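Encoded as structure tokens, the structure appears first; notes follow it.
The values are calculated or read from the model by the stated rules, or taken from the named source; none is laboratory data. Bear in mind the structure is a predicted one, so any value in this text is a computation, not a measurement. A quick note on method: Cβ atoms are made from the backbone with ideal geometry, for glycine too, and the neighbour counts reach across all protein chains shown.
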Amino acid sequence: MNNINQFCGHGATAVPALYFNSKEAMIDLAAGKFNINPLFFRAMDTEDYIRQEETFGAHNYRPLDVVLSRGEGVWVWDVEGRRYLDFLSSYSAINQGHCHPRILKALTEQAARLTLVSRAFRHDQLGPFYQEICELTDSHSVLPMNSGAEAVETAIKAVRKWGYEVKGIPDGQAEIVVAENNFHGRTLTIVGFSTEPQYRRGFGPFTPGFKAVPFGDAQAIESAITPNTAAVLLEPIQGEGGVIIPPAGYLKKVREICNRENVMLVLDEIQTGLGRTGKLFAEEHEGIQSDLTLVGKALSGGFYPVSAVLSNKEVLGVFHPGDHGSTFGGNPLACAVAREALKVLTEEGMIENAARQGRYAMERLQALRSPHIREVRGRGLLIGIELVPEAGGARRFCEALKERGVLCKETHVNVIRLAPPLIIQRDELDQGLEQIEAVLREA
Ligand SMILES: Cc1ncc(COP(=O)(O)O)c(C=O)c1O
């Protein structure tokens, strides 16, 4: 009880005694950090970690009750030593698999050399990263940030400024058309144009200038465009929204509309990009190119937050020194990690593997007869199993799968999202699918 103030400085009151001395009880063994429950002088178990997290942390997530401590490839292990197949890949940030050895090597070597210089100075990783990502993605210009939401914010700033300076939209009047059911992150501007009530409730007032239209309806986009429209911002497939795949030809039509109306097409490929759908970018399924492409998540193979806006000189050329920036955006560690993460993605055939294994998984899941399934949809290794409302929600199936050694997560209430690492092999996929089929066949 002696160091209660250490933990209660922000007004905590009822803190279980179990944790008062937990900091002191952390001992450093040669193998790494090992946490001891001070009451019983035993290793902390799953319940201890959960209680600690719930006691001291804000409750802005509702994770499955599994406490992970190690990952390798498609596998993760919990603190009790149980092994699980990761069928979520940190919402597609671990496309390259957990702790990929080549990315790990790039990270540790760069971390020992130079990590951060801010953008006050130049460094020897930035230019190579810029050139390599532009060549890989057929882009002319790149602006690096950290989180996905920051890339989205950066794109919004870029297209607004482009709208005023190049298109000639009157100052303060720029509009952006977005899709209903979108998910682009959690900043205030972004949640301001979300159509999910919970993402907005209690957070207003919001940034004006956004119009939401039904996803998958190109005509609705055309009708929403005015002379003041700077951009259309879409996910090629709505991942968080429930793995919603728009009708064939949608993106092509939107591309034509944007060309005709002199409006920038911004595609948020933070979840769908970098191989997830079996192509480098999901836009390729429709044979189009956006004006701005947003990447994040797997850009670092899950080692580090790295995101970027990829575009052309006309749009990113609107930024001048002082207009935009980030202390960590484009730092040497991020660039070294991203360079290697992109290399392993292409050199190790992960994109082709995602297409191959994704086709197989879809065939198997679509053949599954279960009273709980309304629809199975997906592209590459991004798959959603939508359940009928009577199934009692996707959560209970994810919990059952956890018990069977497969980790995945519900998105919205009724969709089980499957997104294993793109390195997954057929026997591992079979193991996961067998468990999924078993829980979905159960009454
Ligand atoms: C399509 C899309 N855009 C943006 C984001 C936000 O990324 P971050 O959580 O890194 O800010 C996400 C996160 O899930 C996403 O799926």
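Name the pairs whose Cβ atoms lie under 6 Å apart, with the first residue in region 233-248 and over 13 Å from Glu283 (Cβ atoms), the second small (Gly, Ala, Ser) and more than 9 Å from the ligand (Cβ to nearest atom), and 6 or more positions between them or separate chains?
Listed by first residue and then by second, the contacts come to Gly242/Gly384; Val243/Gly384; Pro247/Gly216.
List every residue pair whose Cβ atoms sit under 8 Å apart, with the two residues 6 or more apart in sequence or on different chains, where the first one lies in region 406-430 and is in a loop (DSSP other than H, G, I, E, B) and the second, anywhere, is crowded, with 20+ Cβ neighbours inside 10 Å and at pLDDT below 95.
none
Can you tell me which residue among Ile270, Ile237, Ile288 is closer than 23 Å to Ser139 by Cβ, surrounded by fewer than 20 Cβ atoms within 10 Å (Cβ to Cβ) and modelled with pLDDT of 95 or more?
Ile288
Can you spot a residue in region 221-233 that is within 12 Å of the ligand (Cβ to nearest atom), out of contact with any Gly (no Cβ under 7 Å at 6 or more places or on another chain) and not β-branched (Val, Ile, Thr)?
yes
Assuming Gly168 fulfils every condition listed in (1) under 30 Å from Glu347 (Cα atoms); (2) more than 16 Å from the ligand (Cβ to nearest atom) apart from one, which condition is it?
Condition not satisfied by Gly168: (1).
Check Thr346, Thr293 and return the single one that is buried (at least 19 other Cβ atoms within 10 Å of the Cβ) and touching a residue at least 12 places away in the same chain (Cβ under 8 Å).
Being buried (at least 19 other Cβ atoms within 10 Å of the Cβ) and touching a residue at least 12 places away in the same chain (Cβ under 8 Å) holds for just one of Thr346, Thr293, which is Thr293.
Out of (1) within 16 Å of the ligand (Cβ to nearest atom); (2) surrounded by fewer than 21 Cβ atoms within 10 Å (Cβ to Cβ), what's the single condition that is false for Gly249?
(1)
How many of the residues in region 281-321 are away from the ligand (no atom under 16 Å from the Cβ), closer than 21 Å to Ser147 by Cβ and not small (Gly, Ala, Ser)?
3
From Leu333, Leu365, grab the single residue that is in the same structural domain as Ile156 (by TED's automatic domain parsing), in contact (Cβ under 8 Å) with a residue 40 or more places away in the chain and of a type in the set (A, V, I, L, M).
Step by step, each of Leu333, Leu365 is checked, and only Leu333 is in the same structural domain as Ile156 (by TED's automatic domain parsing), in contact (Cβ under 8 Å) with a residue 40 or more places away in the chain and of a type in the set (A, V, I, L, M).
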